[in-house]
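The values are calculated or read from the model by the stated rules, or taken from the named source; none is laboratory data. Everything quoted here is computed from the prediction, not taken from an experiment. Because the Cβ atoms are built from the backbone with ideal geometry, glycine has one as well, and the counts that use them run over all protein chains shown.
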Amino acid sequence: MDVIGFGALNLDRLYMVERIAREGEHVPVRSVCESPGGSAANTVAGLARLGLLTGFIGAVGRDAEGRMLLEDFRRNNVDVSGVSLLPGRTGIIIGFVDAKGERGRFIPTPEPTACSPRKT
């Protein structure tokens, strides 16, 4: 194995908007996309696409989001033998991205139960 990553495995749910809304303001959402997230997770997936042998140590919930993240790793040839499937929810990051590429990110509460630091 060339590189092993560890850390958060999140699903990024990104809402594309013209601009980030201010208090009391309504701004339409242009589109929504979901993609795997977590900086270490994205790094090992990118390195695997470049041909390095990579793996990951972390945890996801036994839910649709966790299955999506594991499938993305497998598609990119990342070894997932170090990823635990735990009861609870996989982490989700909600992000708003404006036309300039500026981002606002939010973590829903309560925090995901599958990926607390004590369990990872």
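Of note:
- Flag if Val78 is of a type in the set (A, V, I, L, M, F, W, C), in contact (Cβ under 8 Å) with a residue 12 or more places away in the chain, more than 22 Å from Ile4 (Cβ to Cβ) and surrounded by 18 or more Cβ atoms within 10 Å (Cβ to Cβ): no
- Of everything in region 1-34 that is loosely packed, with under 12 Cβ neighbours inside 10 Å and of a type in the set (Gly, Ala, Ser), the residue that is nearest to the chain's Cα centre (by Cα) is Ser31.
- Here Ser39 qualifies as of a type outside the set (A, V, I, L, M), modelled with pLDDT under 95 and out of contact with any strand residue (DSSP E or B) (no Cβ under 7 Å at 6 or more places or on another chain).
- Region 13-36: number of residues that are among the hydroxyl-bearing types (Ser, Thr, Tyr), at pLDDT below 95 and either closer than 12 Å to Val97 by Cα or touching a His at 6+ places or on another chain (Cβ under 9 Å) (or both): 0
- Criterion: farther than 20 Å from Val97 by Cβ and in contact with a Cys (Cβ under 8 Å, 6 or more places away or on another chain) - qualifying residue of Ala59, Ala48, Ala64, Ala40: Ala59
- Strands (runs of 3 or more DSSP E) within region 66-107 that include 2 or more residues more than 24 Å from Val32 (Cα to Cα) and modelled with pLDDT under 95: 78-86
- Each residue in region 32-53 was checked for being assigned to a helix (DSSP H, G or I) and not β-branched (Val, Ile, Thr), and 9 of them qualify.
- When Ala45, Ala59 are screened for being crowded, with 18+ Cβ neighbours inside 10 Å, in contact (Cβ under 8 Å) with a residue 60 or more places away in the chain and out of contact with any His (no Cβ under 7 Å at 6 or more places or on another chain), only Ala59 passes.
- Region 7-57, residues that are farther than 13 Å from Phe73 by Cα and in contact with a helix residue (DSSP H, G or I) (Cβ under 8 Å, 6 or more places away or on another chain): Gly7, Ala8, Glu34
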